[in-house]
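Below: the structure, in structure tokens.
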Amino acid sequence: MNPIVDKLMLPRDVCYGAPLLHITGKYEGIIENYKSIIEYDENSLILNTKDGKIKITGDSLKIEYFNENDMKIKGSLKKIMLL
Amino acid sequence: MEYIYRWIRGYIIISISGINKERFLNLCNNHKMKIWNICHQRDNSITLYIAVENIGKILDLRHKTYCKIKILKKYGLHFIFKKYKKRYLFIPGICICMLIVWIMSIYVWNIAVDGNKKITEDRIVKALKTENVSFGMRCKDVNGSKIELYLRKKFTDITWVSVELKGTRLIIHIKENNDREYHQNNTAPCDIVAEKPAYIESIVTRSGTPLIKTGEDVKKGDILVSGIVNIYGDSGELLSQDYVSADASVYGKVVYPYRDEMSMKYNEKQYSGRKRIAFTFKIGNHNLNLTGFPFGYEKYDIIADYSQLYLFTNYYLPVYRIKYNYREYEEVEKEYTDDEISELMKSRLAYFLGKLEEKGVQNIKNNVTIEIAGEKCISKGNIIAVEEIGKRQIINSSQQMEGNNDNERD
């Protein structure tokens, strides 16, 4: 942890590359600052991030798009677990 | 917008199967390939959309990840061009077609008349032809105001004309005058004269000097209401003569002699049931017969149905499709019964009376009798009708001059 970042209250996602999740309702989500996909099937998606793994479970999960910065997922979201 | 951009560039749908599917996706991401719509399938494969320029790269990744890749569908302009690459004449064909359509659109291929009741479309089209406004003329040569002026002059019953050019269609909107008394120069001095011999039933004069009374017989051409109004002084001498446009409603009894004759024998068409349809295309003045003539029919009816081909509502082409219906028949000589022929004669008389009524004739009475004489049936008699018999007749300038000279002499 960098104390300057804490003192200046700078956003952690910018300074440390911490993952950022935006969930829009039950059916849509955008994940930023992920590193790679570990596992993907229609009921779960496990992503690797700097702070550990994120597991998203649901039904009919579909990756709308993904690039080096962010990815958009669609489907019926049920759980988000930080592993 | 992005969808259009992707479609122009081209994209494919691929299916990936194998144990390292996720690694394949990560490698795609590392190589900055554009992929979207990643979907896991029931058969444990993944389908995804990928831009066409990355096809070469994914083949390398396939070896690294030991995945099986199957191309499911190809979309975009890139593939359309590839598909029609060998069809050299396809694009020139489209260009020629567009050129023909453009050339066709320069000319007028259909003249439609809208709003006419009394004046037939055929009369208007024929009248326009004398003014060089016809089928096949160039659209830019259509002079709307000139056509409007011409039609108003040619047909005095037309009160309003508007010419509209829509696509290759020239539409002439007209409004007819329904007032019988309407005349363009109705302010000019005129008399009202008898149109036909009649017995005067009633006269209502609005302007002018009435010269007849109710109950008088008049001959054709007799002046009923004069447009000359004499102005007398206090001592009864004629001071001057005023010329007005006579206006009156003069109703008279008119006798129409009626005679109709029919033979008792007639030929009835008995259709054999054999019929044939033939199609012909008419391009300009040339007929293009496609099915040939129905030989073998001795006597037949032909019903021709013309329909002009068009691309859109107002884009007519100079091509007509003609559908001929040939129906074979045999002529059988028959004779009417007395009842049949009298019914037929009555219906013919009713038709004649109906036509008279359409002309504005009222209170029709008739003493028509039907007689059967030998092989003929004759219906004859008189039809007595009350109708307006006045007709305007302009007082010509020489008459007016004479009248003025007389006044001066007086």
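The values are calculated or read from the model by the stated rules, or taken from the named source; none is laboratory data. Every value quoted in this text rests on a predicted model; they were computed, and no experiment measured them. Counting neighbours? That spans all protein chains shown, and the Cβs are built from the backbone with ideal geometry, glycine included. Please note that ligands, DNA and RNA were not included when accessible areas were found on the heavy atoms of the full protein model with its side chains. Shrake-Rupley method; radii C 1.70, N 1.55, O 1.52, S 1.80 Å.
Below, the figures for the structure above:
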| item | result |
| --- | --- |
| Positions from the stretch A:28-57 whose accessible area shrinks by 40 Å² or more when the full protein complex is built, not the chain alone, probe 1.4 Å | A:Ile37, A:Tyr40, A:Glu42 |
| At 1.567 mPa s and 4 °C, Stokes D of the protein assembly as shown from Kirkwood alpha-carbon radius, µm² per second | 38 |
| Where GluC sites (Glu not before Pro) in DSSP loops with at most 15 other Cβ within 10 Å are excluded, longest remaining stretch of chain B | B:1-130 |
| Two-decimal Rg/Rh across the stretch A:10-82, once Rg and the Kirkwood Rh are taken from alpha-carbon atoms | 0.95 |
| GNM top mover of B:Thr205, B:Thr65, B:Thr337 - chain B, alpha-carbon springs below 10 Å | B:Thr65 |
| Filter on A:Lys53/A:Lys78; B:Lys83/B:Lys282; B:Lys126/B:Lys282; B:Lys126/B:Lys275; B:Lys129/B:Lys175 - keep pairs with C-alpha separation over 26 Å | B:Lys83/B:Lys282; B:Lys126/B:Lys275 |
| Measure of compaction for the stretch B:2-83 (Cα Rg per 2.2 N^0.38 Å) | 1.06 |
| Solvent-accessible area buried by pairing B with A, both sides, nearest 100 square angstrom, 1.4 angstrom probe | 1300 |
| Gain on full stretching of the segment that runs from B:Thr369 to B:Gln241 - 0.36 nm per residue minus C-alpha separation | 40.9 nm |
| Reachable lysines from B:Lys213, criterion Cα separation under 19 angstrom, eight or more residues apart if same chain | B:Lys196, B:Lys253, B:Lys391 |
| Using alpha-carbon coordinates, inclination of helix B:121-130 to the longest axis of chain B, degrees | 90 |
| Calculated FRET value between B:Ala112 and B:Ser249, using beta carbons and R₀ = 51 Å, to 0.05 | 0.85 |
| Fluctuation leader among B:Arg152, B:Arg138, B:Arg348 - chain B, Gaussian network, Cα springs under 10 angstrom | B:Arg348 |
| Rg/Rg_globular for the stretch B:130-172, with Rg_globular taken as 2.2 N^0.38 Å and Rg from C-alpha atoms | 1.14 |
| Cα-derived Rg to Rh of the stretch B:267-333, Kirkwood definition | 1.13 |
| Two-decimal Rg/Rh across the stretch B:40-110, once Rg and the Kirkwood Rh are taken from alpha-carbon atoms | 1.31 |
| Mean separation of Cα contacts under 8 Å (6+ apart) over length of the stretch B:247-349, as relative contact order % | 35 |
| DSSP-assigned coil residues among chymotrypsin sites (Phe, Trp or Tyr not before Pro) in the stretch B:172-276, each with at most 14 further Cβ atoms within 10 Å | B:Tyr182 |
| Low-density loop cleavage sites - GluC sites (Glu not before Pro) in the stretch A:30-83, where at most 12 other Cβ are within 10 Å (DSSP) | A:Glu68 |
| Minimum 40 Å² accessible area buried by the other protein chains, the stretch B:29-64 residues, probe 1.4 Å, relative to alone | B:Asn29, B:Asn37, B:Ile38, B:His40 |
| Centre separation in Å (Cα based) which lies between the stretch B:35-54 and the stretch B:237-283 | 79 |
| Length gained when the stretch A:Ser44-A:Lys79 is fully extended (0.36 nm per residue, less Cα-Cα span) | 11.7 nm |
| Inter-site label distance for B:Val319 and B:Leu59 at 7 Å from Cα along Cβ, in nm | 4.6 |
| Cut-off under 5 Å, modelled amide H: who pairs with A:Glu39 long-range | A:Ile46 |
| Largest-first ellipsoid semi-axes for chain B, taking √(5λ) over the Cα gyration tensor eigenvalues, angstrom | 80, 37, 20 |
| Set of lysines with alpha-carbon distance to B:Lys376 below 21 Å, sequence-local pairs under 8 removed | B:Lys265, B:Lys269, B:Lys334, B:Lys346 |
| Most mobile of B:Ile14, B:Ile124, B:Ile203 in a GNM of chain B (Cα contacts under 10 Å) | B:Ile14 |
| Partner chain coverage, peptide A:69-77 - average Cβ within 10 angstrom | 1 |
| Accessible-area ranking of B:Thr159, A:Thr49, A:Thr24, largest first, probe 1.4 Å | A:Thr24, B:Thr159, A:Thr49 |
| Centre separation in Å (Cα based) which lies between the stretch B:94-127 and the stretch B:362-391 | 46 |
| The stretch B:203-341 - convex hull of alpha carbons, volume per residue in Å³ | 319 |
| DSSP beta bridges in chain B [antiparallel fraction, %, rounded to 5] | 95 |
